[in-house]
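Down below is the structure, laid out as structure tokens.
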Amino acid sequence: SAFMFIMIKVHTFPLFSIRPMYIALRQFKKSFSDIVLSRRAIANMNTLYPNATDEELAQGNNTCIICRDTMTSVASKKLP
């Protein structure tokens, strides 16, 4: 009992709470950075690669190689 009283008087700041706060802030920073990088990559993709036209899709196979869905001129990009 006396030990607890002395420890509370000497160490008033709860040191055990620093690590969880640091981990939470570090995770928030990483998540924010991931969001910024993702939005930047999407913006670059939309500006660097033009949309494919219906004629270009009709010339070749218009099936998406990743999802096996038919591609439309609205959502498909021409890659180099």
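The values are calculated or read from the model by the stated rules, or taken from the named source; none is laboratory data. Keep in mind that this is a model prediction, so the values were computed, not measured. Counting neighbours? That spans all protein chains shown, and the Cβs are built from the backbone with ideal geometry, glycine included. Ligands, DNA and RNA are stripped out before the accessible areas are found, and what is left, the full protein with its side chains, is counted by its heavy atoms. Shrake-Rupley method; radii C 1.70, N 1.55, O 1.52, S 1.80 Å.
Miscellaneous remarks
- Positive-end residue, the chain charge dipole about Cα centroid, Cβ charges, pick of Leu57, Ile35, Ser73: Ile35
- Ordered by solvent-accessible area of protein heavy atoms (1.4 Å probe), largest first, the residues Asp34, Asp54 come out as Asp54, Asp34.
- Listed candidates [x] 0.94; [y] 1.13; [z] 1.53 - label of the one calculated as Rg/Rh (Cα atoms, Kirkwood Rh): [z]
- Tilt relative to the chain, helix 18-48 - C-alpha long axis, 0 to 90 degrees, to 10: 10
- Solvent-accessible surface of the chain, taken per residue with a 1.4 Å probe and all protein chains present: 93 Å².
- Dividing the mean sequence gap of close Cα pairs (under 8 Å, 6+ apart) by how many residues the chain holds gives a relative contact order of 24 percent.
- Residue-averaged [θ]222 nm for the chain, counting only DSSP H segments that reach four residues, each worth -39500 (n - 2.57): -19000 deg cm²/dmol
- Kirkwood hydrodynamic radius computed over region 3-47 comes to 13.7 Å, based on all pairs of distinct alpha carbons.
- The charge dipole of the chain, taken about its Cα centre with unit charges on the Cβ of Lys, Arg, Asp and Glu (plus for the first two, minus for the last two), comes to roughly 720 debye.
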